[in-house]
Amino acid sequence: MAPHWGRIRALLEGDVLYRGRRLGQAGPAGLFEDLAESVRWRHGALHIKHRRFKGVRNLSGEGLLMTPSAFAWPMVYSSTIPPWQPTLTYPARGIATLWNDSARTASAGVSAVLGRSRAELLSQLDTPRSTTELARRSGLTAGGVSQHLGALRSGGLVTSHRVGRVVLYARTSVAEALLEAAEQPESG
């Protein structure tokens, strides 16, 4: 697993960053909204559909440990058996692309405005990634990637977030809108 750990860790850290952002923006309903079809937040309570288990567990302030997984797809697993910490293990966001090196490519229009390298880096940020991961995926040097990310951050197109020793970069909503607009056919 060691040769693939960097890729797996980036996926998991990206999911934690994404979930934290969703919780901050929209509260518990936003956090669970796109997690899995079997998981829903309704009327102040978390509902998880299980085939074999029915029951209610009041967490009484214990909290819920949420664990993204690269190996749980497509199922969601929960453990609420005392005395252990209540846990929800779910497929990390973007798991379908874990072994796929191709991300959406930026359009010629975005490349013309930002430059080919910056447009490519922006398109590679379909999930938050580190400078090292972006360098590996793009073929650019880590220093070159860092310079481009600095320019994209100054332009409000990416944000950076420290996770332990690693800094992860993510597209902003402005960058998402830019890439989506560039994909739309022109209406005349």
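Only the coordinates and a few stated rules stand behind these numbers; no lab work does. Note that the structure is predicted; figures quoted are calculated from it, not measured. Heads up, the Cβs are rebuilt from the backbone with ideal geometry, glycines too, and the neighbour counts pull from every protein chain shown.
Taking other Cβ atoms within 10 Å as a rough exposure proxy, H161, H148 sort from fewest to most as H161, H148.
Between A112 and T67, what FRET efficiency comes out of the Förster formula 1/(1 + (r/R0)^6) with R0 = 45 Å and r the beta carbon distance, rounded to 0.05? Each step should come with its number before you reach the end.
Working: r = 43 Å, r/R0 = 0.94.
Calculated transfer efficiency: 0.60.
Ordered by the count of other Cβ atoms within 10 Å of each Cβ, fewest first, D15, D34 give D34, D15. The string of couplings for segment 13-19 from the Karplus curve (6.51, -1.76, 1.60, θ = phi - 60°) is 5, x, 5, 4, 4, 4, 4 Hz, one whole number per residue in order, with x for Gly and Pro.
When exposed loop sites are taken as chymotrypsin sites (Phe, Trp or Tyr not before Pro) in a DSSP loop with at most 10 other Cβ atoms within 10 Å, the longest stretch of the chain clear of them is 100-188. Relative contact order of the chain, taken over Cα pairs closer than 8 Å and 6 or more residues apart, is 17 percent.
With the convex hull drawn around the C-alpha atoms of the chain, the volume per residue stands at 166 Å³.
Per-residue ellipticity at 222 nm for the chain, helices alone: DSSP H runs ≥ 4 residues times -39500 (n - 2.57), over residue total, nearest 500 deg cm²/dmol?
-13000 deg cm²/dmol
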